[in-house]
Amino acid sequence: MDTGKIRENQNYELSQLNKDYQKRKDKLVEQREAEINQVKKYYNEKEEGLRNQSEAAVSHIKGRTQASIEQEKDQGQKNIENTKKTLLSEKQIYEKNLKQQKLLQQERLKQINSNFEDQRQNTVEEYHGDIEKIQESHNKTLKDSQDRYEKQIQKIHDTNQRNLTETQSRGQNQVAKVSDTYRDQLEKIHNDADRKIDHEKTRENSTINNLKTENKKILEREHKSHSTQLENEQTNFRKQYQDNKEHHKEELTKQSQIFDEHRMGRQTQMEKSLKSQDHIFNRELLKQKLDWAEKLEPFESQKDDPFYKLIDRKSDFKETDSSYILKAYIPLYDKKTIQINVQPDKVAIQGNRSYKDETIDENRKVSSQQFQSFREEFPFEYPVVEKAIIQERDGDFVTVTIPKMNPNQKKSSSDTNLG
């Protein structure tokens, strides 16, 4: 029997059992969560209904009490307005009577003056004393009438003022009494509503706890039953798996032995072949290097050797009104070994590289190592903004734009490395 198919069938059966168990578990959890959510929803709706009823009752009482207060205020205001109107009417009547009395006295005075004027032509001296007496009597009568009417008006004004004060006091007392009654009723309603809400919450919490306990017991029974079933299935699977594993292990051991035998034979042959080829290659390489070393003259090699030459990377540096621009040749393979350093008074390009070679013959070892470094600097005439540097790459060339600062600003000693 093919061990691969056996393992594949076993893995497939195990995955199917796991999927079936997970589906049954998820379905049971979803059912319980749905039942709990329905219970929570029912009690939330019930609590919301009670809260709305309580708020409606409180709002109704508030509205009714507020209407009573407004009605009492309106009634008090009407009484005050009526009292003011009555006082104003009486004042107008008194003023009208006073005016009529004044007019009547003036008419009488005019009539008397007219009569006296008619008689004055004949007996001025005879009736002159009578006229003065009459005038004095008239003035006295007029003054007495004015004093009497002023006293009456003052008395009426004082009486109306007392009535107005008493009316306002009664209105304020009535408003205070209604407000106290309203506050007592409102506090009683709030207390009753709070007690009802607390009672409903307690009963709801008790019901929810009972449901949770019942659901927990059901879940525990289901979990225990499923765990027992799963444990039996896992026991059978482990037994079958152990049997298949032993058979598969025996097959693998046989195949591994055969493979190791073939691998060891091929590895031995390859090691012999590689060793022979490596020996031939090293010998030929050493021979080629020695031949080239004999053919080249020492001074001629120094002339053409880059190690003895001054390196010019042909960097381009220019200045604009607002910045300095540096264009340098930095290939991607030299990106890690060449750096551009921006300082307050200059920008520098520097780098280093090394090369090492080694060859081994039968009776000797030949090695060579070279190290090369370079540095290129460009000075600044004005200070620069080191934090605003812009670096761009175009192929093997890197362009660095360095903004200028105020030319009169003092240069610092910091150093910015662009890498």
> For segment 262-268, what does the Karplus curve 6.51 cos²θ - 1.76 cosθ + 1.60, with θ = phi - 60°, yield as ³J(HN,Hα) per residue in whole Hz, taken in order and with x for Gly and Pro?
Replying inline: 5, 5, 5, x, 5, 5, 5
>> Distance cut-off 29 Å, Cα to Cα: go down the list Lys27/Lys245; Lys41/Lys217; Lys19/Lys239; Lys245/Lys272; Lys91/Lys133 and report the pairs above it.
In response: Lys27/Lys245; Lys245/Lys272; Lys91/Lys133
> Tally Lys and Arg at +1 and Asp and Glu at -1 over the other residues with C-beta under 14 Å from the C-beta of Asn191: what net charge comes out?
Replying inline: -1
> Put +1 on the Cβ of each Lys and Arg and -1 on the Cβ of each Asp and Glu in segment 173-229; which of Ser179, Asn191, His223 then has its Cα farthest toward the positive end of the dipole?
Replying inline: His223
> In straight Cα distance, which lysines are under 26 Å from Lys177, not counting same-chain residues fewer than 8 positions off?
Replying inline: Lys62, Lys73, Lys78, Lys84, Lys188
> Once the other residues with Cβ under 14 Å from the Cβ of Lys155 are scored (Lys, Arg +1; Asp, Glu -1), what is the net sum?
Replying inline: 0
>> Net charge within 13 Å of Tyr324 by Cβ-Cβ distance, Lys/Arg positive one each and Asp/Glu negative one each, not counting Tyr324 itself?
In response: -3
> Mind checking the dipole of segment 313-417: about its Cα centre, +1 per Lys or Arg Cβ, -1 per Asp or Glu Cβ, Debye to the nearest 20?
Replying inline: 180 debye
> What residues have an amide H closer than 5 Å to that of Asp361, excluding those fewer than 5 places away on the same chain, when H is modeled at 1.01 Å from N in the peptide plane?
Replying inline: Val366
> So what is log10(I(q)/I(0)) for segment 313-417 at q = 0.17, 0.20, 0.21 1/Å, when the Debye sum runs over its Cα atoms only?
Replying inline: -0.80, -1.02, -1.09
>> Name the residue from Gln31, Asn79, Gln66 whose Cα lies farthest towards the positive end of the charge dipole of segment 1-101, charges +1 on Cβ of Lys and Arg and -1 on Cβ of Asp and Glu.
In response: Asn79
>> Please give the charge dipole size of segment 184-241, origin at the Cα centre, charges +1 on K and R Cβ atoms and -1 on D and E Cβ atoms. Round to the nearest 20 debye.
In response: 500 debye
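No value in this document is a laboratory result; all are computed from the given coordinates. Just so you know, these numbers come straight off a predicted model, no measurement behind them. Cβ: placed from backbone, ideal geometry, glycine included. Neighbour counts: every protein chain shown.
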